[in-house]
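No value in this document is a laboratory result; all are computed from the given coordinates. Small disclaimer: the values here were computed from a predicted structure and weren't measured. Glycine also receives a Cβ, built like all others from the backbone with ideal geometry; neighbour counts cover every protein chain displayed.
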């Protein structure tokens, strides 16, 4: 198995059961991850880095692979006039993780503001990045929310 990542240590320290899913680390798209490992795309959540206007600290938004982040809905939901997606280069610089491997569990010690799309309310467990390309973790939604201090948000639309 892959080396033990901080996200796994965090789950174990909190006695939270999880399953490790590995896939080719050249896959950076959540829908492709779902297809590669045979899971429904609505169960695989990608972690997006979003920049607020006016503040230096970006936020993390976890959304299902089969839905698209609506920046206007997100801005309204967090009380901002405008938000922007961080470029891949900025997301990597800000998080210290590679795009395709950015995960909220791997960033807990950095105390990022995090949001989970409300579509996850219908699921008991979801797949999220472990903080490294090629490794996802199947984790209970309630525990994920608590560990990363995430709040619910309605900020997605169906993938067109």
Item checked: For region 92-139: relative contact order, % (alpha-carbon pairs under 8 angstrom, 6 or more apart) -> 43 percent
Next item on the list: Provide 152, 112 in ascending order of the number of other Cβ atoms located within 10 Å of each residue's Cβ, fewest first.
Entry: 152, 112
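Listed highest first by mean packing, meaning other Cβ atoms within 10 Å per residue, what order do 15-24, 128-137 come in? Mind showing how you got there, number by number?
Numbers: 15-24: 13.9, 128-137: 23.9.
Descending mean neighbour count gives 128-137, 15-24.
If the chain between residue 42 and residue 72 were fully stretched, how many nm would it gain, using 0.36 nm times the residue separation less the Cα-Cα distance? Could the numbers behind the result be given before it?
Values: separation 30, 0.36 × 30 = 10.80 nm, distance 2.16 nm.
Taking residue 42 through residue 72 to full extension adds about 8.6 nm, to one decimal.
Using Cα pairs under 8 angstrom and six or more residues apart, how large is the relative contact order of the chain, in percent?
On the way: 320 pairs, mean separation 46.6, N = 160.
It rounds to 29 percent for the chain.
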Notebook entry, point to check: To the nearest Å, what is the center-to-center distance of region 1-75 and region 125-142, using C-alpha atoms only?
Noted result: 6 Å
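Over the alpha-carbon set of region 87-148, divide Rg by the Kirkwood Rh and report the Rg/Rh ratio to two decimals. All intermediate terms of the calculation are to be shown ahead of the outcome.
Working: Rg = 11.8 Å, Rh = 12.2 Å.
Reported Rg/Rh (Cα atoms, Kirkwood Rh): 0.97.
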Next item on the list: Evaluate 2.2 N^0.38 Å with N set to the residue count of the chain, then give the Cα radius of gyration divided by it.
Entry: 0.95
Next item on the list: Normalising by the residue count of region 1-84, find the relative contact order in percent from Cα pairs under 8 Å and 6+ residues apart.
Entry: 20 percent
